[in-house]
Amino acid sequence: MAGTTDPQVLADLAKGRMRAKIPALREALEGRFDALHALLIGAILAHLDFLDEHIDRLSDAIEEHLVPFVSMIELLCTIPGVKERSAQNIIAEIGADMSVFPTAGHLASWAGQCPGNDQSAGKRRSGRTRKGSKWLDDALKDSAMAAIRTNDSYLQALYRRKKSHLGHDRAIGAVKHSIICACWHMLSTGELYSDLGGDYYTRRDPERQTRRLVAQLQRLGHAVTLQPA
């Protein structure tokens, strides 16, 4: 087989996860492919197999260390948008003992998920958050991005409400803050996440919602008369 340039033969040398890509490999290997190319490709494939093996070993070790926290991970996964890997990362960063944080606000502040409120003489100088754990922030951001795509959820409603006047980034920040606060309450009490619902803000202040809709219709040129149902 040494020195062969047959694309089919070369593609069949693929190992591990690369075997699923044999048709693409066969197409890519059409053309000039000499012994040096075969040597380089073989080295790359061997290195990928090496990495896959070590990833599997590390994943098994991580799973073993997470056994005492399985129930907590499952608990956090009841929050819309929080998947298993994100829950694992959150636990790894904030720990399981919430008694070290007197309140949810203390955890959010420590995690860098609270907007600053540097105010003096009536002037607010900064709304930026302090720096927290990068890994925790990444896990919360992944969860927030998934949460805002969860229909009829409170977190989606929160994002839409904030985005209208704060923009995407700060609205995502508000969702991340809500998630980390929920984590504190759930890990402190052991209770499942209770979603307030996508209509939370409408139910909380129906008169405000009514005024907003009336004003919107009036801007469109309609005269509005309200009559109780």
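The values are calculated or read from the model by the stated rules, or taken from the named source; none is laboratory data. Keep in mind that what you see is a predicted model, and the values were worked out from it rather than measured. Reconstructed Cβ throughout: ideal geometry from the backbone, glycine too, with neighbour counts over all protein chains shown. The accessibility values were calculated without ligands, DNA or RNA, using every heavy atom of the protein model including side chains. Shrake-Rupley method; radii C 1.70, N 1.55, O 1.52, S 1.80 Å.
Which shape class, rounded, prolate or oblate, goes with the stretch 130-181 when its Cα gyration tensor gives a ≥ b ≥ c as root eigenvalues, a/c under 1.5 marks rounded, and past that a/b bigger than b/c marks prolate? It would help to have the intermediate numbers written out before the result.
Working: a/c = 2.22, a/b = 1.43, b/c = 1.55.
In terms of gyration-tensor shape, oblate.
Of the listed peptides 18-24, 8-14, 169-175, what is their order by residue-averaged count of other C-beta atoms within 10 Å, with the highest listed first? Walk me through the intermediate numbers first.
Details: 18-24: 12.6, 8-14: 16.0, 169-175: 18.6.
Per-residue mean Cβ counts within 10 Å order the peptides as 169-175, 8-14, 18-24.
Classify the stretch 33-83 from the C-alpha gyration tensor, please: rounded if a/c falls under 1.5, else prolate or oblate depending on whether a/b exceeds b/c. Show your work: numbers first, answer last.
Values: a/c = 11.10, a/b = 2.87, b/c = 3.86.
The shape class here is oblate.
Only helical DSSP H runs with n ≥ 4 go in: add -39500 (n - 2.57) per run for the chain, normalise by residue count and round the 222 nm mean residue ellipticity to 500 deg cm²/dmol.
On the way: 11 runs with 136 residues, N = 229.
One gets -18500 deg cm²/dmol as the mean residue ellipticity at 222 nm.
Classify the stretch 1-85: rounded, prolate or oblate, from the alpha-carbon gyration tensor (a ≥ b ≥ c, eigenvalue square roots; a/c under 1.5 rounded; otherwise prolate if a/b is larger than b/c)? Don't skip to the end; give the middle numbers.
Numbers: a/c = 5.10, a/b = 2.76, b/c = 1.85.
Here the stretch 1-85 falls in the prolate category.
Among F101, F69, F50, which one shows the highest mean-square fluctuation when the chain is modelled as a Gaussian network with alpha-carbon springs under 10 Å?
F50
Count the lysine pairs in the chain that are 8 or more places apart or on different chains: how many have C-alpha atoms under 29 angstrom apart?
Lysine pairs satisfying the spacing and distance rule in the chain number 23.
Taking only Cα atoms and a 10 Å spring cutoff, compute GNM fluctuations for the chain and point out the largest among R17, R149, R85.
Result for the chain, Cα springs under 10 Å: R17 fluctuates most.
With θ set to phi - 60°, apply the Karplus curve 6.51 cos²θ - 1.76 cosθ + 1.60 along the stretch 71-78 and write out the HN-Hα couplings as whole Hz, x wherever there is a Gly or Pro.
Once θ is set to phi - 60°, the couplings for the stretch 71-78 become 5, 5, 5, 4, 5, 5, 6, 7 Hz.
Roughly how large, in nm² to one decimal, is the mean projection of the convex hull of the alpha-carbon atoms in the stretch 121-229? The partial results should precede the final answer.
On the way: hull surface 44.7 nm².
Averaged projected area of the stretch 121-229's Cα convex hull equals 11.2 nm².
How much accessible area per residue does the chain have, counting only protein heavy atoms and a probe of 1.4 Å, in square angstrom?
Working: 15290 Å² over 229 residues.
Computed with neighbouring chains in place, this is 67 Å² per residue.
Give the distance, in whole Å, between the Cα centre of the stretch 11-28 and the Cα centre of the stretch 34-48.
Here the answer is 13 Å between Cα centres.
Suppose every K and R has +1 on its Cβ and every D and E has -1 on its Cβ; what is the size of the dipole of the stretch 15-95 about the Cα centre, in Debye to the nearest 20?
Values: 9 positive and 13 negative charges, 75 e Å.
Taking the Cα centre of the stretch 15-95 as origin, the dipole is about 360 debye.
Pop out the Kirkwood hydrodynamic radius of the chain from its pairwise C-alpha distances, inverse of mean 1/r, in Å to one decimal. It would help to have the intermediate numbers written out before the result.
Values: mean 1/r = 0.0449 Å⁻¹.
Answer for the chain: a Kirkwood hydrodynamic radius of 22.3 Å.
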